[in-house]
Amino acid sequence: MGNQNYVATNSRAHARAIQPSPHVTLEVNAMMNVKASSYTAVFNVTQVGETSESTNSLINSRIQKIVSGALELGLDQEDIHVDMISFVPVYEVEVEKKLFSKTYNEVPKGFEIQKNIHINYRKHGILDHIITLCADNEIYDLVKVDYFVDDLESVYDSLQQAALRVVESKKAFYQAVGMDFEQFNMIFSEKRAAITPHDAYSNYQAFSSYSLDAVKQKQGLKEVKKKTSLFYNPISYKNFDVVINPEINEPVVQFTLNVKVHYSPKPQQPKVREVVKEKNRYFMLMEDGNMKELKVECED
């Protein structure tokens with residue numbers, strides 16, 4: 001439900017079996033939703049001034065207020081890092097009038113400094129207080145928020161165990177219809193991925209209809225520009241065999257694991273033919289008309 005359905009493209013194609021093949025591929029897609037263990041918010045600060053000293057002093061004063069306020073929120077000094085972005089002169093145009101012409105010259109009038117403040121925190125709700133603190137010091141540009149998850153090895157271990165159970169279930173299905181996996185060679189591959197909320201937001205524009213009364217009265221209608229916003233749009237579960245922690249009520253990091261197990265028939269071994277070597281026998285016709293076998297040793 002929701003206004004996003006106005007632009008949604010829904011697919012309801014019925015799943016159909018592929019053409020039978022002597023080769024079998026067992027594919028498993030697994031996902032795990034994990035809440036971030038820490039976050040880093042990046043704010044951009046811009047300051048202009050007449051001299052380099054005054055400009056740097058002004059921006060450092062504003063940043064120091066942010067640092068002091070962040071410490072009062074319970075953050076540590078190690079959680080805050082200031083990154084120099086740019087330090088450039090600011091130019092203005094002066095008009096030089098001559099007898100028959102005008103010349104426009106760029107002349108330096110001051111300086112501009114840009115710095116980024118990186119603030120690391122662990123409690124998601126503290127970001128509201130940080131934004132208020134920045135706004136009080138005329139810092140309004142929240143560049144991005146990075147999400148971090150501890151112990152990635154444990155996350156992917158859980159995904160592998162879940163994928164393995166699905167593979168065994170699918171193998172049991174094929175065995176139930178008479179397939180003998182002992183007659184097949186196997187090759188295996190896997191692919192991992194992580195999707196952070198930074199990559200999962202989509203554009204959204206509000207939808208509305210005209211007033212019915214205005215249409216009846218034939219009044220002039222002036223369409224108001226709809227504001228474009230963003231919403232968190234996590235990966236759909238429809239293409240996954242198993243999802244760990246499926247219920248989410250906040251942006252999370254989505255870890256995925258794709259496993260493919262391919263079985264191909266073992267090549268038939270050629271039958272070994274036993275070679276029977278014929279042994280020659282030698283006979284001599286005797287005077288009495290009888291045949292006598294001779295003992296002859298032949299070297300191969």
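Each reported figure results from applying straightforward, stated rules to the coordinates on display, with no laboratory input. Please read all numbers here as calculations on a predicted model, not as lab measurements. Here Cβ is always computed from backbone atoms with ideal geometry, including for glycine, and neighbour counts include all displayed protein chains.
Restricting the trypsin sites (Lys or Arg not before Pro) of the stretch 252-286 to loop positions (DSSP other than H, G, I, E, B) with no more than 10 neighbouring Cβ atoms within 10 Å leaves Lys271, Arg273, Lys277, Lys279, Arg281. Sorting Ile244, Ile139 from the fewest to the most surrounding beta carbons within 10 angstrom yields Ile244, Ile139. With a Förster radius of 25 Å applied to the C-beta separation of Phe173 and Asn258, the computed FRET efficiency comes to 0.80. Rounded to 0.05, the FRET efficiency of the Val48 and Ala194 pair, given R0 = 45 Å and the Cβ-Cβ distance, is 0.70. For the stretch 57-62, backbone phi angles converted through the Karplus equation (6.51, -1.76, 1.60; θ = phi - 60°) give residue-by-residue couplings of 5, 5, 5, 5, 5, 5 Hz, Gly and Pro being listed as x. Straightening the chain between Ile235 and Val143 buys 30.8 nm, computed as 0.36 nm per residue apart minus the Cα-Cα spacing. Of the GluC sites (Glu not before Pro) found in the stretch 235-300, those that fall in a DSSP loop while having at most 15 other beta-carbon atoms within 10 Å are Glu247, Glu274, Glu278, Glu287, Glu297, Glu299.
Over all orientations, the stretch 38-148 has a Cα convex hull whose mean projected area works out to 8.3 square nanometres.
Here the extension length gained between Lys35 and Gln268 equals 78.7 nm, from 0.36 nm per residue of separation less the Cα-Cα distance.
What is the distance in Å between the Cα centroid of the stretch 270-284 and that of the stretch 44-62? What the calculation gives is 103 Å, centre to centre.
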